[in-house]
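The values are calculated or read from the model by the stated rules, or taken from the named source; none is laboratory data. These numbers were taken from a predicted model, which means no experiment stands behind them. Here the Cβ positions follow ideal geometry from the backbone for every residue, glycine too, while neighbour counts run over all protein chains shown. With ligands, DNA and RNA removed, areas are computed over all heavy atoms of the protein, side chains included. Shrake-Rupley method; radii C 1.70, N 1.55, O 1.52, S 1.80 Å.
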Amino acid sequence: MNHILPPGPVAPEESARFAAAAGEVMRRPLSASQGAAGIGTLREKRLHAALKLFVSPDTACHEQVIPELAPDNSCKKADKVADVLLPDGHIYEIQTGGFYPLKRKLALYLAATDNPVTVVHPIAFTKYLSWLDPADGTVLSRNKSPKHGKVTDIAGELYWLSDFIGQPRFTLTLLFLDIEEYRFRDGWSRDGKRGSSRYERFPTALVGKIELKSAADYVEWFLPPSIGTQPFTAAEYSRASRIRGRAAYGVLHLLTRLGVLREADEKIGRAQAFVRQSPSEQE
């Protein structure tokens with residue numbers, strides 16, 4: 001039997017540090033706006049809070065104004081505040097959802113400072129899903145998702161970071177987690193699951209980690225080995241990578257911007273074709 005393993009090794013000290021951060025967040029008292037389920041809600045979701053503590057256990061580094069942006073009154077206040085600002089100037093943004101909301105902040109950070117900037121994004125490698133009664137919050141059922149999170153899950157969001165990917169000071173860090181997710185069965189389908197609302201996600205373990213910095217990193221994870229030197233279409237890329245629809249076009253756009261691919265001189269049928277550039281062409 002083949003066992004699916006998360007990408008990227010995790011050092012034992014990192015696993016322990018993440019477990020400590022997750023445990024600390026779970027021990028925090030419930031807010032005054034405690035939900036019906038009795039799990040408790042905080043203004044900041046616990047997954048986000050755990051990731052901040054993992055990046056820096058020193059809470060004095062959390063929610064810090066970027067000094068270079070402080071005097072700029074044309075910036076919104078929220079755009080001046082980093083999730084984590086380390087003493088050495090390293091800026092971290094924790095993004096548990098889509099990447100579009102980060103575009104303005106990242107552009108400011110990279111233009112106004114000389115500091116390294118890292119986006120930290122969690123991917124649920126193993127997920128246990130508990131369904132809650134929307135009336136009283138009791139747990140109706142709990143099951144393990146058969147799906148495992150993978151690097152290409154973020155393919156559809158890479159377009160929003162394409163202006164920054166490839167810059168020497170920018171890094172995208174993906175953390176693969178075991179997660180407990182709670183959802184209300186308040187959807188529109190008969191069983192209440194389709195269109196349901198998510199209540200909370202609780203991380204329980206860090207099982208994998210990769211850092212995407214250079215064009216070579218994106219080639220490793222987003223350009224299948226079967227894509228050789230011959231021209232190919234977006235449809236052929238989609239079949240090879242299993243990245244579908246607009247997400248496939250977004251990755252092709254990114255790899256073209258990075259100089260890994262270029263548009264072929266001739267189409268294949270009616271479809272635009274792409275060709276992989278040689279190392280000398282990329283220089």
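Figures for the structure shown
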{"quantity": "Selection count, the stretch 8-22, where residues are outside any helix (DSSP H, G or I) and either hydroxyl-bearing (S, T, Y) or under 19 Å from the mean Cα position of the chain (by Cα) (or both)", "calculated": "3"}
{"quantity": "Residue count for the stretch 188-203, restricted to those that are open to solvent by 50 Å² or more (accessible area, probe 1.4 Å) and assigned to a strand (DSSP E or B)", "calculated": "1"}
{"quantity": "The stretch 139-163: number of residues that are outside any helix (DSSP H, G or I) and hydrophobic (A, V, I, L, M, F, W, C)", "calculated": "2"}
{"quantity": "Candidates D72, D83 - the one that is over 30 Å from N143 (Cβ atoms), of a type in the set (D, E) and open to solvent by 30 Å² or more (accessible area, probe 1.4 Å)", "calculated": "D72"}
{"quantity": "Filtered residues of the stretch 156-188 (kept if small (G, A, S) and closer than 18 Å to A247 by Cα)", "calculated": "G156, S162"}
{"quantity": "Residues satisfying the stated conditions in the stretch 135-163, i.e. open to solvent by 40 Å² or more (accessible area, probe 1.4 Å), without any contact (Cβ under 8 Å) to a residue 24 or more places away in the chain and among the polar types (S, T, N, Q)", "calculated": "S141, N143"}
{"quantity": "Matching option when the condition is farther than 22 Å from Q167 by Cα, at pLDDT 95 or above and of a type outside the set (G, A, S), among L53, L5", "calculated": "L53"}
{"quantity": "Residue in the stretch 164-187 that is nearest to E93 (Cα to Cα), counting only those that are open to solvent by less than 50 Å² (accessible area, probe 1.4 Å) and out of contact with any strand residue (DSSP E or B) (no Cβ under 9 Å at 6 or more places or on another chain)", "calculated": "G166"}
{"quantity": "Every pair of residues 6+ apart whose Cβ atoms lie under 6 Å, when the first sits in the stretch 173-196 and is at positive phi while the second is assigned to a strand (DSSP E or B) and surrounded by fewer than 17 Cβ atoms within 10 Å (Cβ to Cβ)", "calculated": "none"}
{"quantity": "Of the criteria (1) more than 22 Å from W160 (Cα to Cα); (2) among the basic types (K, R); (3) without any contact (Cβ under 8 Å) to a residue 24 or more places away in the chain, which one K127 fails", "calculated": "(3)"}
{"quantity": "Residue that is least open to solvent (accessible area, probe 1.4 Å), among those in the stretch 224-283 that are in a loop (DSSP other than H, G, I, E, B) and of a type in the set (S, T, Y)", "calculated": "S278"}
